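A quick write-up on the structure given underneath.
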Amino acid sequence: MNSLIEILKEEGIDTACREIGIDFDKIFRNNLTINPYQEHKWYANNHPEVIVFSAVPVEDKQDRLFWEEWFRMRDEYVSYHHTLTLWRPKTYDEIYEAPAKDDIHPEKTFSKKWYVVNDPDMTPWLLRR
């Protein structure tokens with residue numbers, strides 16, 4: 001079984017971090033003995049309008065696990081981190097009605113209503129201590 005760091009590098013997440021100004025080594029600790037994201041699939045997308053990478057839960061676990069995405073719009077200098085859930089959390093910043101298809105987000109997120117929390121901390125939730 002590949003480590004989280006190996007999976008992230010295979011999916012190009014280290015490159016996506018660098019492109020949006022996030023320190024890969026800082027937010028993804030290299031000393032993990034287990035992969036807390038084993039129920040997620042990682043995606044990176046270098047789109048003409050936005051650079052984005054995501055950790056999306058497998059479809060049968062989306063009702064209890066959250067989707068995380070990090071991105072930077074090409075015309076901005078600020079990077080963002082969102083946590084998205086299908087259930088309504090106590091507080092949230094917006095609702096994202098995912099289209100049936102787009103060329104930015106992973107397919108497993110389409111056609112769903114997501115509650116979005118803007119998170120100023122770029123550290124992945126499952127790696128926080």
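Only lysines eight or more places from residue 108 in sequence, or on another chain, were considered; those with a Cα closer than 18 Å are 41, 61. Sorting the Cα pairs of the chain by distance into bins of 10 Å, from 0 upward, gives 12, 46, 36, 6 percent per bin. Projecting the Cα positions of 124, 34, 109 onto the charge dipole of the chain (unit charges on Cβ atoms of Lys, Arg, Asp and Glu, taken about the Cα centre) puts 34 furthest along the positive direction.
Assigning unit charges at the beta carbon (Lys, Arg +1; Asp, Glu -1) and nothing else, what dipole magnitude in debye, to the nearest 20, does the chain show about its Cα centre?
Details: 17 positive and 24 negative charges, 95 e Å.
Approximately 460 debye in magnitude.
For the residues 96, 77, 43, a GNM of the chain with alpha-carbon springs under 10 Å puts the largest fluctuation on 77. Tally Lys and Arg at +1 and Asp and Glu at -1 over the other residues with C-beta under 11 Å from the C-beta of residue 111: what net charge comes out? Result for the local shell: +1. Using bins of 10 Å that start at zero, the share of Cα-Cα pairs per bin across the range 56-126 amounts to 19, 53, 26, 2, in whole %.
Throughout, read-outs are computed from the coordinates displayed, never taken from laboratory work. Because the structure is a prediction, the values reported are computed rather than measured. Note that we place each Cβ from the backbone using ideal geometry, even for glycine, and neighbour counts take in every protein chain shown.
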